[in-house]
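Right, one structure below, let's go through it.
What follows draws every value from the coordinates through simple rules; no lab data is involved. Here the structure is a predicted model, which means the values were calculated and not measured. Here Cβ is always computed from backbone atoms with ideal geometry, including for glycine, and neighbour counts include all displayed protein chains.
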């Protein structure tokens with residue numbers, strides 16, 4: 001207990017940094033969680049921040065970004081990131097009714113409620129699953145292969161994604177043995193390549209005269225921004241008054257259900273639970289506002305559960321979120337490592353107790369709610385207007401291009417850049433053509449890194 | 001696609017581009033979810049690359065000279081490189097304006113159309129047996145109930 005105060009200090013400080021930083025990043029439409037949260041969390045790990053600081057930073061960042069990414073989703077009609085895509089039909093309908101600010105406020109109020117529900121529940125589920133930890137460690141390579149197949153089947157590509165998984169895993173294994181010849185072992189370069197794969201594929205496609213024809217446009221994108229209406233006094237709104245009783249109950253119920261499912265993609269859970277709720281509410285307007293609230297609550301809860309359950313129970317990245325944006329919490333060599341051969345794990349799982357996960361998890365959610373929630377509720381309109389008038393898409397792409405170069409060179413020199421280009425182009429094209437999304441690609445990476453050695457041992461001996 | 005077709009396609013694409021946009025007019029294209037001008041995009045990528053790499057490489061030398069542990073110096077250089085990305089992005093944002101067009105929408109027409117669409121999909125939007133008091137209050141405060149009811153009675157809003 002002698003280290004409780006310094007731990008708390010680190011948790012508070014890093015949580016606040018994550019929350020403020022990612023409240024701002026969330027406003028920029030199209031920024032993917034994996035490209036932004038993963039490298040910065042890796043940096044926090046490598047700089048030697050204590051475990052509680054790393055964990056609170058990550059969760060506060062994820063919660064805050066999730067809150068502010070609702071701003072472009074609701075007000076501009078552009079999905080804030082991939083998780084916001086299932087909310088677009090309701091967001092567009094409410095925008096056309098002239099009340100996008102209501103969509104926004106309902107979305108983020110339910111996100112805050114869902115986050116508070118999800119943290120203790122996912123830690124509870126993790127503790128239930130933890131006794132099977134040893135068994136899971138032994139079978140880890142096979143579990144990763146099975147999880148990759150399952151997630152591939154549930155992606156938009158269905159059986160096409162399952163088949164595409166084979167060449168994808170082979171390409172990654174081949175790249176790994178290729179760089180190993182030069183004594184270079186890469187991790188983040190693969191993550192970054194997968195995360196920006198849609199961008200890399202688009203950039204290369206636009207260079208091809210064949211593809212460019214389909215991408216050319218006659219005019220800039222047209223958009224409109226509705227006027228703002230504020231319905232509460234003071235700075236801090238009360239989420240329980242923004243939603244009505246039915247919406248609060250459904251949000252809590254859906255958050256609880258989705259907290260238990262950690263191997264599926266947040267997008268799939270969001271669609272399914274949204275449909276369940278939609279079928280039960282009769283009035284058209286009420287159905288719209290309730291579905292958008294519940295769906296945003298579900299993306300929040302699933303996201304938290306997908307990171308926390310594998311982390312607290314096993315220390316193995318067994319879900320799309322854990323393998324993607326939360327990857328540095330599991331695997332960040334030389335400080336954190338997951339050894340598939342021995343099942344030996346050194347990461348936050350071994351460094352923090354379940355009680356600490358609960359305490360700092362709630363702290364992170366509270367920090368997100370105190371920083372991002374009132375900010376988004378009060379300044380949503382001004383922020384959306386600033387971003388859409390001042391921040392060009394060219395500038396966003398320029399920033400990411402710089403990020404790819406710096407991270408690639410930093411991790412593996414020229415080899416790092418080659419790996420990002422190869423994985424990015426291959427994954428991005430598979431995504432464009434057959435719907436082999438980034439979640440499946442991340443699981444493919446783990447299947448290659450952890451499952452391949454076991455497969456080779458089985459077949460080649 | 002056979003080779004001849006591909007080449008013909010390319011030629012056509014080049015002619016399309018040249019015919020439609022001679023000189024220095026913007027070449028709009030949609031990629032990664034938004035519209036850019038391809039010339040500006042090329043400029044932004046050069047600026048982003050030069051600034052972030054310059055800062056990363058420079059920081060590498062500077063930190064290596066006074067931080068004892070090489071791995072820590074390496075990590076600090078990356079942090080500086082990330083700051084460099086943001087600096088590069090800021091320069092690009094200042095140099096290249098967004099290709100988005102703000103339109104003043106006709107609120108009433110949009111609302112009526114949206115209401116009609118919704119009602120066709122999922123039943124009446126105005127007063128109905130399914131409208132609970134809480135929802136009714138909310139819709140009234142937004143001015144939505146009035147519009148929906150008048151639309152239901154066939155009045156022009």
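Data table
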read-out: Residue list for region B:83-107, filter: over 30 Å from residue A:218 (Cα atoms) and more than 7 Å from every other protein chain (Cβ to nearest Cβ); value: B:83, B:87
read-out: Test: residue in region A:389-397 that is more than 9 Å from chain B (Cβ to nearest Cβ), crowded, with 24+ Cβ neighbours inside 10 Å and under 30 Å from residue B:80 (Cα atoms); value: no
read-out: Matching residues in region A:373-388 - criterion: being farther than 26 Å from residue A:203 by Cβ and either within 14 Å of chain B (Cβ to nearest Cβ) or out of contact with any helix residue (DSSP H, G or I) (no Cβ under 7 Å at 6 or more places or on another chain) (or both); value: A:374, A:378, A:379, A:381, A:382, A:384, A:385, A:386
read-out: Filter result for residue A:130 (surrounded by fewer than 24 Cβ atoms within 10 Å (Cβ to Cβ) and either at positive phi or more than 23 Å from the chain's Cα centre (by Cα) (or both)); value: yes
read-out: Positions within region B:60-82 being more than 10 Å from chain A (Cβ to nearest Cβ) and in a helix (DSSP H, G or I), in sequence order; value: B:61, B:62, B:63, B:64, B:65, B:66, B:70, B:73
read-out: Helices (runs of 4 or more DSSP H) (entirely within region A:123-217) containing at least 3 residues that are touching a residue at least 40 places away in the same chain (Cβ under 8 Å) and closer than 21 Å to residue A:429 by Cβ; value: A:140-153, A:159-181, A:188-195, A:197-207
read-out: Test for residue A:181: is it away from every other protein chain (no Cβ under 14 Å) and more than 15 Å from residue A:450 (Cα to Cα); value: yes
read-out: Selection status of residue A:419, touching a residue at least 24 places away in the same chain (Cβ under 8 Å), under 23 Å from the mean Cα position of the chain (by Cα), closer than 20 Å to residue A:172 by Cβ and within 13 Å of another protein chain (Cβ to nearest Cβ); value: no
